[in-house]
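Note sheet for the following structure.
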Amino acid sequence: MFRTVGLGNRSLLFMLAATRRFLPKYLYALASSIFLFTAGVFYSRHRFLIFQIAKHFGLKMPQEKESLAVLPLSEILSPKLDLTLLEPLVEGGNVSILELMVITQLAQRADPPIAFEIGTFDGRTTLNIAANLKADGNVYTLDLPRTGLGETQFELAPGEEAFVDKKESGARFAETNYARRITQLFGDSATFDFSPYQGKAGLIFVDGSHAFDYVRQDSVSALRLAAENAVILWHDYQQDWPGVIRALNELQQSNPACRSLTRIEGTSLVMLKCEDSRRSA
Ligand SMILES: C[S@@+](CC[C@H](N)C(=O)[O-])C[C@H]1O[C@@H](n2cnc3c(N)ncnc32)[C@H](O)[C@@H]1O
């Protein structure tokens, strides 16, 4: 009898302590949520968060069928990896660590060692590509400046203004030794003049706007940028970004040069090896 009461008291004390620890977080989150759903909606990063919350609670997004064939990861990654991986921590908008391994592995093989990225964001992938290209390799990376918001050729996909509206494009490579190998370019990928880089890139990474019209247009630009044996990679072939899925499915069906588009196992990366495409075109 006494023992039961003792245990009950201990449980009560434990619950009180747990409540005391949790309460400040609860109240902070509650106050923040009131701000988020009122004045906060005027900030694009908050609108993105609201979109994520809606999805967490079951908001149904239009589903696109992921019809591309899947390429086993073992066909890309060597059994013994020898990669330089920098800035491993992932921010929302970055690629996963596995995707970074795939991209850097392909950067090592890029011939010529020139890469073109559409969509810089914080520059984590740019930095890692630069660190893995053969000596004297260069990366060109194009980003929409925050001042370009509201003035784009096509409408951006819902929620992605947050990736545009950032303090500094390419912040992760700005102070590094690799910055000298990286050229930052600014503009809207739908109207940017890619002609100086045409046919010159051994690796192209398409990761700009996820809206259907943009992915379609950026894919045309990527094919023009490609050197003879180039590899083109697209990011975010996944249900969060139906525009990407639809555009790449259509590209694979409609363009004979893109018949061999494949998604890479365990990732949302889609790859085209230009040597295959030219052989099968
Ligand atoms: C998802 S982030 C890119 C992430 C980055 N590639 C990485 O791996 O960490 C998308 C980027 O595309 C840029 N972007 C969006 N629309 C664009 C456009 N129309 N033209 C050029 N860049 C665009 C955004 O500013 C943002 O930096």
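No lab work stands behind these numbers, since they all come straight from the coordinates. If you're wondering where the values come from, they're calculated on a predicted model, not measured in any experiment. In this analysis, Cβ positions are derived from the backbone assuming ideal geometry, glycine residues included, and neighbour counts consider all displayed protein chains.
What does DSSP give for the chain in terms of the percent of beta bridges that are antiparallel, rounded to the nearest 5?
Rounded to the nearest five, the antiparallel share is 20 percent.
Based only on Cα atoms, what mean projected area does the convex hull of the chain have, in nm²?
The number I arrive at for the chain is 20.4 nm².
Tell me, what HN-Hα J-couplings in whole Hz come from the Karplus equation 6.51 cos²θ - 1.76 cosθ + 1.60 at θ = phi - 60° for each residue of segment 71-87, using x for Gly and Pro?
Each residue of segment 71-87 in turn: 9, x, 4, 5, 7, 10, 7, 5, x, 10, 7, 9, 10, 9, 10, 10, 6 Hz.
Over segment 185-281, what number does the Rg to Rh ratio reach, with both radii from the alpha-carbon atoms and Rh per Kirkwood?
Result: Rg/Rh = 0.94.
Please give the calculated 222 nm ellipticity per residue for the chain, where each DSSP H segment of at least 4 residues contributes -39500 (n - 2.57) and the sum is spread over every residue; nearest 500 deg cm²/dmol?
-12500 deg cm²/dmol
Using only Cα atoms, find the angle between the long axis of helix 2-36 and the longest principal axis of the chain, and express it within 0 to 90 degrees, rounded to the nearest 10.
Around 50 degrees separate the two axes.
Just name one of I118, I34, M61: the one whose Cα is farthest towards the positive end of the charge dipole of the chain (beta-carbon charges, Lys/Arg +1, Asp/Glu -1).
Going by the charge dipole, the pick is I34.
Determine the shape class of segment 2-56: with a ≥ b ≥ c the square roots of the Cα gyration tensor eigenvalues, call it rounded for a/c under 1.5, and otherwise prolate if a/b is greater than b/c, oblate otherwise.
Because a/c hits 1.5 or more and a/b exceeds b/c, segment 2-56 counts as prolate.
Using a Förster radius of 22 Å, what is the FRET efficiency between V220 and E155 based on their Cβ-Cβ separation? Nearest 0.05, please.
Numbers: r = 18 Å, r/R0 = 0.83.
Efficiency, from the Cβ-Cβ distance: 0.75.
Below 9 angstrom from the Cβ of S268, what's the summed charge of the other residues (Lys, Arg +1; Asp, Glu -1)?
In short, -2.
Determine, for each peptide in 25-36, 61-72, 182-193, the mean count of other beta carbons within 10 angstrom over its residues, then list the peptides with the highest first.
By packing density, highest mean first, the sequence is 182-193, 61-72, 25-36.
Ordered by residue, what ³J(HN,Hα) values in Hz, to whole numbers, does segment 102-117 give under the Karplus form 6.51 cos²θ - 1.76 cosθ + 1.60, where θ = phi - 60° and Gly and Pro are x?
Residue by residue, segment 102-117 yields 5, 5, 6, 4, 6, 5, 4, 8, 4, 9, x, x, 10, 10, 10, 10 Hz.
Only four residue types carry charge here, +1 at the Cβ of Lys and Arg and -1 at the Cβ of Asp and Glu. Report the dipole size of the chain about the Cα centre in Debye, rounded to the nearest 20.
1200 debye
Arrange the peptides 148-160, 116-128 so that the one whose residues have, on average, the most other Cβ atoms within 10 Å appears first.
On the way: 148-160: 15.4, 116-128: 26.3.
Descending mean neighbour count gives 116-128, 148-160.
Using only Cα atoms, find the angle between the long axis of helix 44-56 and the longest principal axis of the chain, and express it within 0 to 90 degrees, rounded to the nearest 10.
70 degrees
Counting only residues 5 or more places away or on other chains, whose amide H sits under 5 Å from the amide H of F116 once H atoms are built in the peptide plane?
Here the answer is Y140, L203, I204, F205, since their amide H atoms fall under 5 Å of that of F116.
Taking amide hydrogens as modeled 1.01 Å from N in the peptide plane, which residues meet the under 5 Å criterion relative to H210, leaving out close sequence neighbours?
A157
From the phi of every residue in segment 245-252, what ³J(HN,Hα) in whole Hz does the Karplus formula 6.51 cos²θ - 1.76 cosθ + 1.60 yield, where θ is phi - 60° and glycine or proline is x?
So the Karplus estimates, Gly and Pro as x, are 4, 4, 5, 6, 4, 5, 4, 5 Hz.
Which one of G199, P158, F212 is farthest out on the positive end of the charge dipole of segment 155-251, using unit charges on Cβ (Lys, Arg +1; Asp, Glu -1) and the Cα centre as origin?
The Cα lying farthest towards the positive end belongs to G199.
With +1 assigned to the C-beta of every Lys and Arg and -1 to the C-beta of every Asp and Glu, and no other charges, what is the dipole magnitude of segment 121-164 about the Cα centre in debye, to the nearest 20?
Here the size comes out at about 260 debye.
So, with +1 on the Cβ of K and R and -1 on the Cβ of D and E, and no other charges, what is the size of the charge dipole of segment 1-159 about its Cα centre, to the nearest 20 debye?
The calculated dipole for segment 1-159 is roughly 1320 debye.
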